[in-house]
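Report on the structure given below.
The values are calculated or read from the model by the stated rules, or taken from the named source; none is laboratory data. Since we're looking at a predicted model, the values are computed, not measured. Cβ: placed from backbone, ideal geometry, glycine included. Neighbour counts: every protein chain shown.
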Amino acid sequence: MAILGKKKTYDTEGLKVPVSLGVIMDGNGRWAKKRMLPRSAGHRAGAENLKELCRNCGNYGVKYLTVYAFSTENWARPEDEVHQLMELFVEFFEKYDPELEEEGIRVRFTGDIASLPENIREVCKRGEERSLHRNKMQLIVAFNYGGRRELEYATRLIAQKVKDGEINPEDITEDMISQNMYLPDVPDPELIIRPSGEMRLSNFLLWESAYSELWVSETLWPDFGYDELTKAFSDFARRDRRFGGLSKKDAK
Ligand code: FPP
């Protein structure tokens with residue numbers, strides 16, 4: 001079925017689209033520098049592009065889109081940049097919520113949300129509550145997120161259960177660890193896209209990405225549009241995902 005929306009054709013039959021997708025939105029600073037603009041202009045352009053990505057992913061049939069918006073390491077940036085990112089975060093969910101509503105996009109947050117300033121926690125809470133009924137796609141915003149911090153969180157929860165005598169150490173399984181991560185109901189990403197040419201995960205979904213396909217492009221995040229998303233999906237559809245086993249053709 002080809003869905004026509006905003007002059008684009010979403011060929012959902014010809015393309016095997018990931019149910020769960022992760023995107024590392026990298027390159028805002030370089031995008032701004034190339035245009036002799038302040039870094040904040042790059043982040044703003046990046047936020048606009050996130051809105052576009054949501055629309056495109058929703059129309060392609062992605063069900064869970066996790067985006068890396070602010071890492072536990074990003075606090076090391078200059079104070080004014082951190083401040084601008086926080087302000088942009090608040091503005092984004094106030095300004096674009098009607099569009100997210102129109103697109104049927106539920107918003108959730110993952111990360112060390114409890115350590116964020118109260119106004120940000122409030123935005124997260126409101127964003128989640130008012131979008132609970134939307135069911136086309138979930139946008140999961142990783143904010144103050146670190147893969148190692150998430151593992152620390154899960155380990156603490158499990159250690160507490162051992163301490164309380166609910167389980168024994170030998171009862172701990174991979175599945176139990178998954179069940180104690182921030183959002184256990186969100187499937188592991190099948191594909192992770194990283195624009196801007198960097199070949200690393202930067203502490204993004206460390207546990208969940210064990211078998212994710214990685215797709216890297218040189219394009220800076222604010223310029224990463226529909227055509228590249230389509231290219232990433234068609235490359236993904238051709239990947240031979242073996243999960244440590246054999247190719248279907250070799251297993252016969
Ligand atoms: C990395 O690019 C990007 C970030 C640290 C911030 C990502 C934020 C957004 C795309 C917009 C805000 C998101 C929301 C949810 C409102 P960089 O600054 O490291 O770029 P560089 O590597 O070129 O310097």
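What to note about this one:
- The residue that is farthest from the chain's Cα centre (by Cα), among those in the stretch 58-95 that are outside any loop (DSSP other than H, G, I, E, B) and among the small types (Gly, Ala, Ser), is 76.
- Leading residue by the ranking (nearest to the chain's Cα centre (by Cα)) among those in the stretch 147-175 that are hydrophobic (A, V, I, L, M, F, W, C) and outside any helix (DSSP H, G or I): 172
- Where residue 95 falls short, out of the listed (1) within 8 Å of the ligand (Cβ to nearest atom); (2) loosely packed, with under 15 Cβ neighbours inside 10 Å: (1)
- Of all residues in the stretch 10-49, those that are near the ligand (Cβ under 8 Å from one of its atoms), in contact (Cβ under 8 Å) with a residue 40 or more places away in the chain and surrounded by fewer than 19 Cβ atoms within 10 Å (Cβ to Cβ) total 1.
- The stretch 50-77, residues that are more than 20 Å from residue 222 (Cβ to Cβ) and within 13 Å of the ligand (Cβ to nearest atom): 72, 73, 75, 76
- The set of residues in the stretch 121-157 being β-branched (Val, Ile, Thr) and crowded, with 19+ Cβ neighbours inside 10 Å consists of 123, 140, 141.
- Neighbours by Cβ (under 8 Å, 6+ apart or cross-chain): first from the stretch 77-90, in contact (Cβ under 8 Å) with a residue 60 or more places away in the chain; second surrounded by 13 or more Cβ atoms within 10 Å (Cβ to Cβ) and of a type in the set (D, E, K, R): none
- Residue 104 passes every criterion in (1) in contact (Cβ under 8 Å) with a residue 12 or more places away in the chain; (2) at negative phi apart from (2).
- Where strands (runs of 3 or more DSSP E) sit wholly within the stretch 1-55, none has at least 2 residues that are over 14 Å from the mean Cα position of the chain (by Cα) and at pLDDT 95 or above.
- Members of the stretch 110-165 that are of a type in the set (A, V, I, L, M), more than 16 Å from the ligand (Cβ to nearest atom) and either in contact with a Pro (Cβ under 9 Å, 6 or more places away or on another chain) or in contact (Cβ under 8 Å) with a residue 12 or more places away in the chain (or both): 132, 151, 154, 157, 158, 162
- Criterion (among the aliphatic types (A, V, I, L, M), at pLDDT 95 or above and on the phi > 0 side of the Ramachandran plot) met by exactly one of 205, 229, 183: 205
- For the stretch 210-252, filtering for residues that are more than 16 Å from the ligand (Cβ to nearest atom), closer than 17 Å to residue 62 by Cα and either touching a residue at least 60 places away in the same chain (Cβ under 8 Å) or not in a helix (DSSP H, G or I) (or both) leaves 10.
- For the residues 178, 202, the requirement of being in contact (Cβ under 8 Å) with a residue 24 or more places away in the chain, surrounded by fewer than 16 Cβ atoms within 10 Å (Cβ to Cβ) and not in a loop (DSSP other than H, G, I, E, B) singles out 178.
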